[in-house]
Each structure stands twice: as structure tokens, then as C-alpha cells.
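All remarks here apply to the structure that follows.
A short reminder: the numbers here are calculations on the coordinates, not readings from a lab. All figures in this text were calculated on a predicted structure; none of them were measured in a lab. Using ideal geometry, Cβ is built from the backbone for each residue, glycine included, and neighbour counts are taken over all protein chains shown.
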Amino acid sequence: MRVPSKPPVRALAGLAVGLALAGCAAAAVPPGEAAGGGSVARGAALAQSRCASCHAVERSDDSPMQGAPPFRHLSDNYPVASLQEGLAEGLVTAHPGMPQFAFEPEEIRDLIAYLETL
């Protein structure tokens, strides 16, 4: 019968270094920014300027336009990061009141960063 050997010290040291670096990487994200590089503050300002006339863009406000989903509920149905393509190409919806628009890549990162905080 073969007795399992102890893991080599070198492998354990490598694992410890990897875990430490992963912790540093997570802590390296500046406050107010998401891991994807977006700015929460810029995303909030973007939501306010482009979306708040119809949608609730805060954590507890009501949508000015009846039927426009509050942004805080977008993540109830799918990950908000999945909106990236739609935001880049222009969201098209079935209701006529929703204008078609497209965002720049930096705006998308910012808006997604904000949506993830709601």
C-alpha cells in the first residue's frame, strides 16, 4: 500500500504567494471604481443625465414614466454586465417611448459599475 506523500514545500509556498497576490489585486481597486475599471460616480451622473427622466436610477426612487423599470431591479433578471453589448449597439425595446441610443466604451464601464452598486 502506498502512503501519500506530503506536498512539496515549494508548491505550498507558491500557493501562499498566489493567494496573497489575489488579495492585493482585489484591494488595489480604488474606492468608487469597480473591478472592471468603471467609475461609480461617473456612472451615477450618466444615469441621472440620460436615464432619470424615465427610469428610477436611485436605490429608492420611483420611475417618472409608468412601466419604465427601476434600475435597482435590473439585476433581478440577469447580470447587469450582460447589458454591455446592448449599451454599445443601442438598446431597442418593444415600447415606443424608449429612445434608441448607444454609449461609448468608457461610459458603458461607468454605467455598469454604477448599476452593480444598486
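Of the GluC sites (Glu not before Pro) found in the range 37-117, those in coil by DSSP whose Cβ has at most 16 other Cβ atoms within 10 Å are GLU58. The 3J(HN,Hα) values that the Karplus relation (6.51, -1.76, 1.60; θ = phi - 60°) gives for the range 102-117 are, in residue order, 9, 10, 6, x, 5, 5, 5, 4, 5, 5, 4, 4, 5, 4, 5, 8 Hz. Gly and Pro appear as x.
Taking a ≥ b ≥ c as the square roots of the eigenvalues of the alpha-carbon gyration tensor, the range 40-115 is classed rounded because a/c is under 1.5. Applying both filters, DSSP loop and at most 11 other Cβ atoms within 10 Å, to the trypsin sites (Lys or Arg not before Pro) of the range 45-74 gives ARG59. For the pair ALA45 and SER82, the difference between a 0.36 nm per residue extended length and the Cα-Cα distance amounts to 11.3 nm. Spacing of the modelled spin labels on HIS73 and ASP61, each 7 Å from Cα toward Cβ, amounts to 1.7 nm.
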